[in-house]
Structure formats: C-alpha cells, structure tokens
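Taken together, the values in this text are just the output of simple stated rules run on the coordinates, not laboratory data. This structure is a prediction, so every number in the text was calculated from the model and none was measured. Cβ atoms come from the backbone with ideal geometry, glycine included; neighbour counts cover every protein chain shown.
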Amino acid sequence: MRAKLPEPAALPPRPAGDAGASTARLDAEDVQTAIQAAKPAVAGCYEQALKRTPDLGGRLLVQFTIRQGEGKGSLGDAEVIEDGLGNPFLGMCVIDALAKVDYPAPSGQGEVVVKYPFVLKPAEGEP
C-alpha cells in the first residue's frame, strides 16, 4: 500500500511567546526544506497506519518549536494540535520523524514556533 503525501502549503514560522519576547527568525523556505527531509519517514508512518485503516485520510496539524543549539536548530516542544485522522499512533510517529530532521538555527534570540499541516490520503487507485 502506498501513501500519497500532497505538498501542503507551508505556514510561515512565527516567533514564540509575546511580541518582543523573542527575536528569533527562520526563513519559511528553510523550514520547508527541513520538513521535506522528514517526508519519507512521515510516508512510512502513514503507510503503517494504512495497514490497519485502509481508508485513513485527513489533515494533521503539527506545532513545534525550533531552538538554537550548537550552530544548528533543534526541535523543541512538538504536538499535534489538530487531528483530522483520529489516529494517535500516526501523530506520535510524525512528531518522531520531525525530531530526526536537521533544522537551521534561528537567527536572533529565542525560538521559532512552526505550525505545519500534513494532508494525508491513500494514493489514487488504493482502497
């Protein structure tokens, strides 16, 4: 069974906390590039979930922070904030995949909060 991962519209990263509390910034294209690196693992998560629920599909909105650390960015807090699939395993697996990606270090001070939608659906012709 193959998973089809459509290209989601990236939501631009936004600074964490109150306006003025953080000066951290990341370019949306840099975040998109990092998330692209996680797509094979996310597809694997989805394919595993499809084995149990062949018609599983929907939107998963993940929110995570990217922090500065030793010259590169690192994943901080991460959570599924909207689960249109109703599969907790899938959400945890996607977060795990995002944790294994190398992120660029934010410029400025603080961390950057990113909200990213994954729209998952079975490949055309699949049940």
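Just flag the trypsin sites (Lys or Arg not before Pro) in region 63-117 sitting in loop per DSSP whose Cβ has no more than 14 other Cβ atoms within 10 Å. Walk me through the numbers before you get to the answer.
Working: sites: ARG67, LYS72, LYS100, LYS115; in loops: LYS100.
Here the sparse-neighbourhood loop sites are LYS100.
With a 10 Å radius around each residue's Cβ, average the other Cβ atoms per peptide and rank 116-123, 50-57, highest first.
With the highest mean Cβ count within 10 Å placed first, the list reads 116-123, 50-57.
Under 19 Å Cα to Cα from LYS51, which lysines show up? Leave out anything in the same chain fewer than 8 places away.
LYS4, LYS39, LYS121
Mind checking region 36-127 for GluC sites (Glu not before Pro) that DSSP puts in a loop (not H, G, I, E or B) and that have at most 10 other Cβ atoms within 10 Å?
Working: sites: GLU47, GLU70, GLU79, GLU82, GLU111, GLU124; in loops: GLU70, GLU124.
Loop-located and lightly packed - GLU70, GLU124.
Taking amide H positions as placed 1.01 Å from N in the peptide plane, with prolines and chain starts having none, which residues 5 or more places from GLU111, or on another chain, fall under 5 Å of its amide H?
ALA16, ALA24
Scan around ALA105 for amide H atoms under 5 Å from its own, H built in the peptide plane at 1.01 Å from N, and keep only partners 5 or more places away or cross-chain.
Residues meeting the criterion, in which the H sits 1.01 Å from N, are GLY73.
For LYS72, which lysines qualify as cross-link partners when the Cα separation must be under 18 Å and same-chain residues fewer than eight apart are set aside?
The qualifying lysines are LYS100.
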